[in-house]
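Everything on this sheet refers to the single structure shown next.
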Amino acid sequence: MKPIYRILAFIGKEIHSILVQPQLLLLLVAGPFAVLLAFGLGYRPSGPELRTIVVQPPSAEQEQAVGRYLEGVGRPLHVVERTSDLSAALARLQARQVELVVVIPPDVRETLLEGRNVQLVFYHNAIDPTRIGYITAVVDGATSQINRAIVRQVVGEQQASAADYERVLVDLQDALGQIRSALQENDRPRAREISQAVRLNSGLVAGLSLLGSDPLSTEPPPATDLAQQARELDALLAEPESDAAALDQSLARMQEDTDRMLEALRRTRRIPPDVFVAPLVWDVQGVSTYQPGYVAYHSPTVLALLIQHLGITLAALSLVDERSAGAIELFRAAPVRAPEVLIGKFAAYLLLIAVTSAGLVGLLTVALHVPLLGDWRWLIAVLAALIAHSLSLGFLISALANSRSQAIQMSMLVLLGSIFFSGFFVPLQDFALPVRVLSFSLPVTYGIETLQQVVLRGEPPYLPYVGITAIWAIGLWIVSVRLLRRLFVGG
């Protein structure tokens, strides 16, 4: 029973040492609450606005039109000025008064008529790779939007002139009927004369392939077939010995394609230009039971990081403070073993952090409206494993550190490593294998994944992660006990 009494004594000692320090108690309890609350209430993710200067040649109609298209893109591209002075625009960019300078080249129309792309040059002054990636994505989206607007205008104009094409097709139908009548009357010269007009009209409607074709079909557009068939019909009529059946078949095929063109033309005139420009639209549907926002998604991550840091900090300073106070010499003289000291401290800190964790979970669900979708018993198991792993790592730091400053520095290094390598900011799969091994030595790596599964997905945690966390906790605790025994005579 004596070892149990000694362990209980250490539990009472550690809890009392915290309770008699109001400032420390405030930091331990209210500090994590304040951090989590500030994160939840203050995090408002949104892409930053990019102030943009458009540089274009003076008094050029096509270039002015491209500038107007750029102004119409909207957020996050905000055109603040249109000018022809590139040097002044770049000077403002260097002074970071704007984020982008867009240069529209001269001779836009001539470049397009030569069959070449018009290249817009976007200058930026960013050095952050993430920021550069964001700018690239915005530029790509803005360019695609301008291209769609240009094509939309062209399609709209062609639809507006479709009535003229419809009259051409009606005339073509009538001419084909006249050719058939002339052939029935055995008047081939008249049929040949009419076929010249048919060939001309077929060439005119060949430009309707955009409006009359089916982009999801492998068959050629009917307008293209019609022009080819008109040439074949004219060639058959030019041969005196051509077969009447072949002529009849050619006429029938042309009449059928003309009917198809008329039907397609009348149908496509009713389709809005926006549908022509973007026939496919997308809609993303999640299959998970809950779709969290940014704050809800990152809340379990912040919770895991706070719990780990609290556990490591308390444990890392515990043995160092005992050394500074000379308590280690008393422990050597007393019948106290190293495992008893660590078990007592472990139990006291586990109780304190468990109470703090319960409060943080309550803050998430009540103040920040983050739902707890999973079983609360799994949540307790995950938090217990995370706390145990964090405390054991903290005790190892405390056993290795020779001073309070060393313990604090080691704790800060673990915190920095947790921010960069735990999946907090960068996904784990983006790291090379050796760095990923380092990631899985941190308690928060397992805590983030398992807490998200329980809290946000409503699923049981990935049990191997819970088991590995427990193994880490036991292994680090054993190593800490062995290191602490060196300080105890007879331990």
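Read the figures in this text as sums done on the coordinates, not as results from a lab. Treat the numbers as computed from the prediction; the structure is a model and nothing was measured. In this analysis, Cβ positions are derived from the backbone assuming ideal geometry, glycine residues included, and neighbour counts consider all displayed protein chains.
Expressed as a rounded percentage, what relative contact order does segment 50-158 have, with Cα pairs under 8 Å and six or more residues apart? Present the calculation step by step, with values, prior to reporting the outcome.
Working: 137 pairs, mean separation 32.1, N = 109.
Rounded, it is 29 percent for segment 50-158.
Going by a ≥ b ≥ c, the root eigenvalues of the Cα gyration tensor, does segment 50-158 fall in the rounded group (a/c under 1.5), the prolate group (a/b larger than b/c) or the oblate group?
Judged from the Cα gyration tensor, segment 50-158 comes out prolate (a/c at least 1.5, a/b above b/c).
Given a Förster distance of 41 Å, report the FRET efficiency between Ala246 and Arg270 from their Cβ-Cβ distance, rounded to the nearest 0.05. Let's see the in-between values first.
Values: r = 37 Å, r/R0 = 0.91.
The formula returns an efficiency of 0.65 here.
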